[in-house]
Amino acid sequence: MQDVSVMIDNYKFNFRVCALIENNGRYLLEKSNNVDFLNMPGGRVHVGESTLDAIKREIKEEIGITVDNCRLIKVAEQFFNFDNKNYHELNFVYYVHLDDNNPLTKKKCIKNLDNKNETMNWYKKDELHNYKILPEFIYDIKADEYISHHIFSKLK
């Protein structure tokens, strides 16, 4: 299927999903070899695909697990420049809790099955101020009924 990603004038428009995956106050964030920041696992939505189906697919493709407890917690629009290219992105952010029975919660480093240049690690909330995390709206995500406190407070 075709990703919803198109060049319009001098902007690349992307329709994306990402997951804030949590286990006992730790968050699974990914790092690509060629960038200086962390981000949430996810990817582009396909034409004709719901954002819920897209995040489930992306999690399965990237870390090899099936999840059903995805909860939409934020929709964010962002504009940025990366690699000398202007971007306009619409991003649907889902919260996913992994319980201690999931074997991924025991792993320190998780290889991205869909991209050999990316790895994922668990980070405690109090460690996150040591890292640059993009997109920056991650710092503004507020709690819902699944999370009893702010997921991330302003760390800058």
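Key figures for this structure:
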| read-out | value |
| --- | --- |
| Filtered residue count, segment 132-156, keeping only those that are part of a loop (DSSP other than H, G, I, E, B), modelled with pLDDT of 70 or more and surrounded by 14 or more Cβ atoms within 10 Å (Cβ to Cβ) | 2 |
| Residue that is surrounded by the most Cβ atoms within 10 Å (Cβ to Cβ) [pool: residues in segment 104-130 that are free of Cβ contacts under 8 Å to residues at least 24 places away in the same chain and assigned to a strand (DSSP E or B)] | 111 |
| Filter result (buried (at least 17 other Cβ atoms within 10 Å of the Cβ) and of a type in the set (Gly, Ala, Ser)) within segment 57-78 | 76 |
| Some residue of segment 67-87 being in contact with a Ser or Thr (Cβ under 8 Å, 6 or more places away or on another chain) and closer than 17 Å to residue 28 by Cβ | no |
| Those residues of segment 21-79 which are hydroxyl-bearing (Ser, Thr, Tyr), in contact with a strand residue (DSSP E or B) (Cβ under 9 Å, 6 or more places away or on another chain) and either farther than 13 Å from residue 93 by Cα or in contact (Cβ under 8 Å) with a residue 60 or more places away in the chain (or both), in sequence order | 27, 32 |
| 2 or more residues within 18 Å of residue 12 (Cα to Cα) and at pLDDT 95 or above: qualifying strands (runs of 3 or more DSSP E) within segment 31-103 | 42-44, 85-97 |
| Number of the condition not met by residue 14 [criteria: (1) under 30 Å from residue 129 (Cβ atoms); (2) modelled with pLDDT of 95 or more; (3) within 13 Å of the chain's Cα centre (by Cα)] | (3) |
| Meets criteria (in contact with a helix residue (DSSP H, G or I) (Cβ under 7 Å, 6 or more places away or on another chain), closer than 14 Å to residue 22 by Cβ, surrounded by 13 or more Cβ atoms within 10 Å (Cβ to Cβ) and touching a residue at least 12 places away in the same chain (Cβ under 8 Å)) for residue 98 | yes |
| Checklist (1) out of contact with any Pro (no Cβ under 9 Å at 6 or more places or on another chain); (2) surrounded by 18 or more Cβ atoms within 10 Å (Cβ to Cβ); (3) under 14 Å from residue 135 (Cβ atoms) applied to residue 54, failing item | (3) |
| Options 28, 20; residue that is outside any helix (DSSP H, G or I), in contact with a Leu (Cβ under 8 Å, 6 or more places away or on another chain) and crowded, with 17+ Cβ neighbours inside 10 Å | 28 |
| Residue in segment 7-17 that is closer than 30 Å to residue 108 by Cβ, crowded, with 16+ Cβ neighbours inside 10 Å and not polar (S, T, N, Q) present | yes |
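The values are calculated or read from the model by the stated rules, or taken from the named source; none is laboratory data. Keep in mind it's a predicted model, so treat the numbers as computed, not measured. Cβ coordinates were reconstructed from backbone atoms using ideal geometry, including for glycine residues, and neighbour counts include every protein chain displayed.
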